[in-house]
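Derivation of every value follows stated rules applied to the coordinates shown; laboratory data play no part. As the structure is a prediction and not an experimental result, all values here were calculated from the model. Here the Cβ positions follow ideal geometry from the backbone for every residue, glycine too, while neighbour counts run over all protein chains shown.
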Amino acid sequence: MSQPILIFDSGVGGLSVLGPIRERLPRAPIVYVADTGGFPYGTKTEMEVATRVCALLGRLTERYRPRLIVIACNTASTIALAHVRAALEVPVVGTVPAIKPAAETSTARAIGVLGTEATVRQPYVNRLAADFAADCLVLRHGSAKLVEMAEAELRGRPQALSDYAAVLAGLLDQPGGERIDTVVLACTHFPLVRDRLAAASPRPLTFVDGAEGIGRRTAHLLAGAEWDGEATGRAVLTSRNGEIDALRPALARFGLTELDYL
Ligand code: DGL
């Protein structure tokens, strides 16, 4: 079998990145890892996230021998991408908040960044804002609740629009928030509930995320790769907790028909 692409997240969020990768590389075998045993990352310290992600990706690389790793998680990437790249020989694509495309989109020059608490406090985000959105107001809001809501939706439990509105209010009700016209979905869980956020929004907003860019980057790095056999999709979980049976239909919708535990 060909060496797979390994896509890594704390939970279901990386599925929003899997779509654009599959579109461009339909024959590539995929190993999708959800660190269900370490979920959620957004409320952990930098040290906890970095230690866990480096150790896990080391073990996963030994086991699955991936051709390329995609860290489909803004929290893990903004904290640990450099450490992971230093530790592994495999090429690693990271996911960082899509502040650059948001700055290219915003006519009001006011951007909201919606991520996890851990992501929105990263110096990496300050640098992106300074480099690409220096002439924009950039407001941030971290929401662990929205991560939980996306996990619940993927398990077939629709969440109330009023709860989505409350999350958006955390951003839009900040001083200057009334100017925001573009919101960066800076957590890979959030594009999975984009329609719900849009439906709950008090006014039309443009939501931007990095998934297409990651799909393009991955396809570029793997240009010319040969894939033998059928494209396979395997989900790997790091714990048996977390209503796994309720998750199976969503995993299958993304082509992940096999299930393993690390
Ligand atoms: N999906 C992850 C991200 O992109 C984080 C979710 C979590 O574990 O808190 O940041």
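Things to note:
- The chain: calculated mean residue ellipticity at 222 nm from DSSP helix runs of at least 4, using -39500 (n - 2.57): -13000 deg cm²/dmol
- Extension gain (nm, one decimal) between N241 and A160, 0.36 nm per residue minus Cα-Cα: 26.7 nm
- GNM on the chain, alpha-carbon springs under 10 angstrom: the most fluctuating residue among A28, A87, A98 is A87.
- Counting other Cβ atoms within 10 Å as a rough exposure proxy, the listed residues S162, S201, S143 run S162, S201, S143 from fewest neighbours to most.
- Simple Cβ-charge dipole of the chain, Lys/Arg +1 and Asp/Glu -1, about Cα centre, in debye nearest 20: 180 debye
- Going by neighbour counts of Cβ atoms within 10 Å, the residues H141, H189, H220 line up, fewest first, as H220, H141, H189.
- Nearest-20 debye value, the stretch 157-261 charge dipole, Cβ charges on Lys, Arg, Asp, Glu: 220 debye
- Relative exposure of T257, T61, judged by other C-beta atoms within 10 Å (fewest first): T257, T61
- The dipole here belongs to the stretch 149-211: it is taken about the Cα centre, uses +1 on the Cβ of Lys and Arg and -1 on the Cβ of Asp and Glu, and is about 100 debye.
- For the chain, the longest piece that avoids every one of the GluC sites (Glu not before Pro) found in DSSP loops with at most 14 other C-beta atoms within 10 Å covers 90-225.
- On Cα atoms only, tilt of 123-132 relative to the major axis of the chain in degrees: 70 degrees
- Computed from Cα positions, the angle between helix 15-24 and the longest principal axis of the chain comes to roughly 60 degrees.
- Multiplying the residue separation of E258 and A144 by 0.36 nm and subtracting their alpha-carbon distance yields 38.2 nm.
- Helix axis angle, 211-221 relative to the chain longest principal axis, alpha carbon, degrees: 40 degrees
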